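The values are calculated or read from the model by the stated rules, or taken from the named source; none is laboratory data. Keep in mind it's a predicted model, so treat the numbers as computed, not measured. Neighbour counts are summed over all protein chains in view; Cβ atoms, including those assigned to glycine, are modelled from backbone coordinates with ideal geometry. Ligands, DNA and RNA are excluded from the accessible area calculation, which covers all protein heavy atoms including side chains. Shrake-Rupley method; radii C 1.70, N 1.55, O 1.52, S 1.80 Å.
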Amino acid sequence: MKHFVGLDVSMKETAVCVVDEAGKKIWEGTVRSCPDKIAAIIGEKAPDLVRVGMETGPQAVWLWHALRECGVQVDCIHARRAAAALKLQANKTDRNDAYGLARLVLSGWYEPVSIKSFDRYRIRAVLTARERIVRMCTTMINQIRGLAKTFGLSLSAGKGQVFEQSVRRALPDDVILRELFERLLLVLSGLKDQRRAFDRQLARFAREDQTCRLVSSAPGVGSLAAIAFVTAVDDPTRFRAADDVGAYLGLTPKRYQSGEVDIGGRISKTGDRLTRKLLFEAATVILYRASPAIALKQWGLRLSARCGSWKARVALARKLAVTLLTMWKTNTMFENRSFAG
């Protein structure tokens, strides 16, 4: 008898359901959300295990790696796709969700989410933290500008040192307001110091990683874009065709077709948002700052003349992603070749 298991994971407890090959429920219960405990109960209640399924979530990466180390063949299912199957149940409970996941694993009607290596996630965490710091800096600058308007202070356009000097020049004689703005500038300065520290750390990662050095040879691709792309893809061999990476990063148009209706929309924006953003910035650099001799730039300029700058940059970001993946697969540095179309 073959056994299939569904796991509904929460912080403290995990609901476990075991079904046989006919979909009949064999056992269900809860266990502490600890890999050893989960692996033990699966080994006891599902001796003829075929596959285990769980949804993506905050603990999915850690639990997936830990269960694999325990010898449990577990698949991670995208939560949005699993939700469509779980909605068929009348009542939403942890046990029902575990049962629904077990039935979904039995059916095989799902595409497992690719879980990256822990090393990639570690570097990715630093990159994500750096992006949060950048957003906090922007928020702080906007807060200072908003407060300045409240008290009738006029600040000139600019950022960095120019912005801070503009704030200090506009400060009134009011002691309370001067202390307020000085403290806000001090917080902003501290955030910028942390951002620079993250930049140095990420630059070191990019220098030490052979793949990052490889993709960085492409025009417009700096250390941040290289790390974002490498950590987002992790394993280039999981893409059968290099063009698939465009859809994976949400850089291909959405499409809705039903009967005589066939609508092509904007890009899907699925996948990793940060990588997509950095590739778009790299495309902008290629289009407007890179050497005219670069074939990618010439291709983008021709497209821009036909479709406009925005669409051209999106298409160039997609082509750049395909180029980077091809370089990675073939282990070759960037070569300035002409592009048709």
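Numbers below:
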| item | result |
| --- | --- |
| Per residue solvent-accessible surface (Å²) - the chain, probe of 1.4 Å | 56 |
| Degrees separating the helix 175-208 axis from the principal Cα axis of the chain, which is the longest one | 60 |
| Within the accessible area of the stretch 292-341 (1.4 Å probe), percent carbon and sulfur | 58 |
| Hits among aspartates and glutamates - C-alpha to C-alpha of Lys92 under 13 Å, sequence gap 8 or more where chains match | Asp8 |
| When each of Lys254/Lys329; Lys2/Lys24; Lys277/Lys311; Lys116/Lys311 is checked by Cα-Cα distance, pairs over 21 Å | Lys254/Lys329; Lys116/Lys311 |
| Cα-based helix-to-principal-axis angle, 94-107 vs the chain, degrees rounded to 10 | 80 |
| Cross-link reach list, lysines versus Lys159, counting only Cα pairs under 16 Å and skipping chain neighbours closer than eight places | Lys192 |
| Inter-part distance where the stretch 113-134 and the stretch 301-324 are each reduced to a Cα centre, Å | 27 |
| Neighbour net charge for Ile227 - beta-carbon separation under 14 angstrom, K R +1, D E -1 | +2 |
| Amide H contacts of Asp75 (H built 1.01 Å from N, under 5 Å, at least 5 apart or other chain) | Val52, Gly53, Met54 |
| Peptides ranked, highest mean first, by Cβ atoms within 10 Å: ranges 291-299, 92-100 | 92-100, 291-299 |
| By average C-beta atoms within 10 angstrom, highest first, the peptides 56-65, 278-287, 27-36 | 278-287, 56-65, 27-36 |
| Rg to Rh, two decimals, where the chain supplies the alpha carbon set and Rh follows Kirkwood | 1.07 |
| Most to least packed among 313-324, 185-196 [average Cβ atoms within 10 Å] | 313-324, 185-196 |
| Distance between the stretch 19-62 and the stretch 174-188 - C-alpha centres, whole angstrom | 55 |
| Accessible area of the stretch 1-108 belonging to carbon and sulfur atoms, whole % at 1.4 Å probe | 50 |
| Accessible-area composition of the stretch 191-232, carbon plus sulfur, in percent [1.4 Å probe] | 45 |
| Principal-axis tilt of helix 309-330 within the chain, Cα atoms, nearest 10 degrees | 60 |
